[in-house]
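Just so you know, all these numbers are worked out from the coordinates, no wet-lab data involved. For clarity, every value in this text was computed on a predicted model and none was experimentally measured. Note: ideal-geometry Cβ built from the backbone for every residue, glycine included; neighbour counts use all protein chains shown.
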Amino acid sequence: MSVSVALFTANLRLHDNPPLRAALASADEVVPLFVRDRVIESAGFATPNRQAFLADCLAGLDAGLRKRGGRLVVRSGDVTTEVCRAAAETGAAEVHMAAGVSAYEQHREDRLRAALEADGRRLHVHDAVITAVPPGAVTPASSDHFAVFTPYFKRWSEERLRTVQGAPRTVRVPGAALSDRLPSRTDVSGVSEGLAAGGEREGRARWSAWQRNGLAGYEDHHDDLAGDLTSRLSPHLHFGTLSPVELVHGASRRGGAGADAFVRQLCWRDFHHQVLAARPAAARADYRSQHDHWRTERSAAREITAWKEGRTGYPVVDAAMRQLRHEGWMHNRGRLLTASFLAKTLYVDWRVGARYFLELLVDGDVANNQLNWQWVAGTGTDSRPNRVFNPVTQGKRYDPQGDYVRRWVPELAGLAGPAVHAPWKLRGPERAAYDYPGPLLALSDGLARFKRARGRA
């Protein structure tokens, strides 16, 4: 009886999973395998929020497989070692997995391919699983990747996406495939109190509900901080409990301005993945250096601590940072404002902020987190590298009644309307009634310092 291995990485789903379907088509039995990668864990990427969400995803995947007669096989250790061991134990001739984009993922695939071939086995790597359009599939004439989003979006939109695949009806797993105990969310300490539940079932339910109730208004309301009308699907895309191909097809079928705006955001995700695939060093180094002499954790320790704790004195920044700590997630507009405040108003190295976001964000991945931070810091793909977001004007625009601020900064709950965005302007007893810090620095001082640093003073 023939056996193949379906190696799950960031595609923890049964629906629209080409590696799984290919493994099932190539053999009588399949080993659905997930390896808890010790390299990733030791490098600090296995943070409490992502570990808890991952545990939900693995439990959901195992439950879905069991309904189909199978089960999930979980191992811990070096991916190459564990995959080769599982293949040897079960007599598997082939391994199927999704293509990655980071330098580590590419190196991992190379190592695994070499080790399997040395044992007389084959590795099949499948594109358009983690992203809708594979990195490298769309390129300009003069380069190996697009460095500007708009022309990439135009070409990306012209691509014909593969057909969405259904979930398999039956999965037969060889009895020789031994598994470690599945991890549980209860095993993890330090998880954000408001962290959402993970898993394919949860992701599909959220996607289905949001298509009905949120997609049509996405263009008009996705920046509304208080309304919280974004899809909140980013954690499911990160872990692959939802397929980006399925989301693009689904939104496109519904049509309208909201669907178009949502598809554009999915394209942004693909855009960052194709940049990182072509320039892996962008995970830690400036994509386009502005020759900054950033302030660091040593030289700006007090300001960085205040930013992390949501005590900068700028209410919308503090609200977003407190949401991050409580939920392990932050509204997209909040991400822009908090990143701009740290990198450009405080002039702190973007890597400090990116590292902190990765500690807490359940959807934090190298491509989107690092390259979004660089976009805001002006060292990435932004065509206006010196733009600065003013947290007061942005707060008044995207939280005009102050509801978002009051939700996350209860010290200001008694303030009404847009006055909540500038509480330092209060005077006398009215100001004394609020136990809230004054601004870390004047925005004008931060802007002047940034302009001098960039040589624009």
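Some notes on this structure:
- Modelled FRET efficiency - R0 41 Å, Ala301 with His221, Cβ distances, 0.05 increments: 0.60
- From least to most packed, judged by other beta carbons within 10 angstrom and beginning with the fewest, Cys267, Cys57 follow the order Cys267, Cys57.
- Stretchable slack from Thr393 to Ser157, in nm (0.36 nm times residue separation minus alpha-carbon distance): 81.6 nm
- 222 nm mean residue ellipticity, helices alone, for the chain (DSSP H n ≥ 4; -39,500 (n - 2.57); rounded to 500): -13500 deg cm²/dmol
- In plain terms, the residue of Thr139, Thr163 with the fewest other Cβ atoms within 10 Å comes first and the most crowded comes last, giving Thr163, Thr139.
- Length available on full extension from Ala176 to Lys425: 0.36 nm per residue minus the Cα-Cα distance, which gives 82.6 nm.
- Remark: spin-label model distance Thr150-Ala63 equals 4.7 nm, labels positioned 7 Å along the Cα→Cβ axis.
- Under the simplified labelling scheme, the Ser76-Ser383 pair shows an inter-label distance of 5.0 nm, with each label point 7 Å from Cα along Cα→Cβ.
- Debye, to nearest 20: dipole size of the chain, +1 on Lys, Arg Cβ, -1 on Asp, Glu Cβ: 820 debye
- Working from label points 7 Å from Cα in the Cα-to-Cβ sense, the Ser189 to Asp445 distance is 4.0 nm.
- Percent of Cα-Cα distances greater than 40 Å, calculated over the chain: 22 percent
- Rounded to 0.05, the FRET efficiency of the His291 and Ala114 pair, given R0 = 45 Å and the Cβ-Cβ distance, is 0.65.
- Entries in Lys154/Lys396; Lys154/Lys451; Lys154/Lys344; Lys396/Lys451 that, when Cα-Cα distance is taken, lie over 26 Å: Lys154/Lys396; Lys154/Lys451; Lys154/Lys344
- Think of region 373-457 as a dipole: +1 on every Lys or Arg Cβ, -1 on every Asp or Glu Cβ, centred on the Cα centre; then among Gly380, Val405, Gly455, Gly455 lies furthest on the positive end.
- Lys/Arg +1, Asp/Glu -1 at C-beta; region 3-129 dipole; positive extreme among Ala6, Gly70, Gly91: Gly70
- If R0 equals 41 Å, the separation of the Cβ atoms of Met1 and Asp127 corresponds to a calculated FRET efficiency of about 0.90.
- Trp268, Trp350, Trp207 arranged by Cβ crowding within 10 Å, fewest neighbours leading: Trp268, Trp207, Trp350
- Net lengthening on full extension, Asn213/Asp28 (0.36 nm per residue, minus Cα-Cα): 62.4 nm
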